[in-house]
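Okay, structure first, notes after.
Just so it is clear, none of the values below were taken in a lab; they were calculated from the coordinates. These numbers come from a predicted model, not from an experiment. Here the Cβ positions follow ideal geometry from the backbone for every residue, glycine too, while neighbour counts run over all protein chains shown.
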C-alpha cells in the first residue's frame, strides 16, 4: 500500500515539470513566429504537436501551424489545417474564429465567373468541371484562380467557347457568342496616292521648265508655228 502511494505521488509531481518544459518550448516557437521566421516556427510547432498529448495544447499548436503556413504563402495547405482544426474543436468561439479564417483564405485563392450570352436558351458550363453548368446568364462562384474555358451549347447542339482567367477575390466576365457580327475591312483610302502622284508630276514639270529655260543650257530649242502650206 505504501509503495502504491509513493508511485502516485511521483507521477503527480512529475506532471507540472513536463508541462513547464512544453510551455517554454511553445513560447520559443511563438517568439520565432513573431520575428517573421515562419519556416522555423512551422518546424517547431509541428515538433511540439507531435509530442503533445493534451487536446487543448494540440489545438493551439495546430492553429499556429496553420498561421505559419498562411504567412509562408502556402494557402492550400493552410486551408486543410484549419479545416481539420474546425472539425476537431468544440468551443463555439474557436469554431467561429476558424470559420472566419477559412473564408478569408478561400477568398485569396478563389474567384467567380459571370457569363453572358448573345443567344437565348444557351446552357453554359466550364470545361472539365461537370458540376459547373446551368442556363445563361450564369454566375459560377468559388472557382480556383487560373484560366478556364467556358462552353455554351444551344438546343440544336451548336457549341461556342470563350476563354476567361479567374483572379483571387474577383469576378471575371465572360461572353459566349453564337452570332458574331461580320466586320468588313475598311476600304483603303486612295487620296494619299492621288496627292503623291500630283506632287511628282508638278515637281517633274517645274524641273523640266527650269532645265529648258536656263541660260546655261547648251541646247536651244525653237518652236515654229505654221500652217501646213507655210511650213518649209
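Relative contact order of the range 110-176: 43 percent, from C-alpha pairs under 8 Å at least 6 residues apart in sequence. As an exercise, use a Förster radius of 22 Å and the Cβ-Cβ distance of residue 46 and residue 87 to find the FRET efficiency, rounded to the nearest 0.05. Once the sixth-power term is evaluated, E becomes 0.70. Stretching the chain fully between residue 77 and residue 25 yields a gain of 16.3 nm (0.36 nm per residue, less the alpha carbon separation). Is the range 14-90 best put as rounded, prolate or oblate by its Cα gyration tensor, with a ≥ b ≥ c the root eigenvalues, rounded for a/c under 1.5, and otherwise prolate when a/b is larger than b/c, oblate when not? Verdict is oblate for the range 14-90.
Using the 10 angstrom Cβ neighbour count as an exposure proxy, how do 71, 153 rank, fewest first? Before the final figure, lay out the partial values.
On the way: 71 15, 153 18.
By the 10 Å Cβ count, ascending, the order reads 71, 153.
Residue separation of residue 178 and residue 108 scaled by 0.36 nm, minus their Cα-Cα distance, works out to 21.8 nm of gained length. Computed extension gain for residue 99 through residue 129, at 0.36 nm per residue and net of the alpha carbon distance, reaches 8.2 nm. Legend: calculated FRET efficiency, residue 121 to residue 163, from the Cβ-Cβ distance at R0 = 22 Å, rounded to 0.05, equals 0.45. Rounded, prolate or oblate: which fits the range 110-176 when a ≥ b ≥ c are the square roots of the eigenvalues of the alpha-carbon gyration tensor, with rounded for a/c under 1.5 and prolate only if a/b beats b/c? In terms of gyration-tensor shape, prolate.
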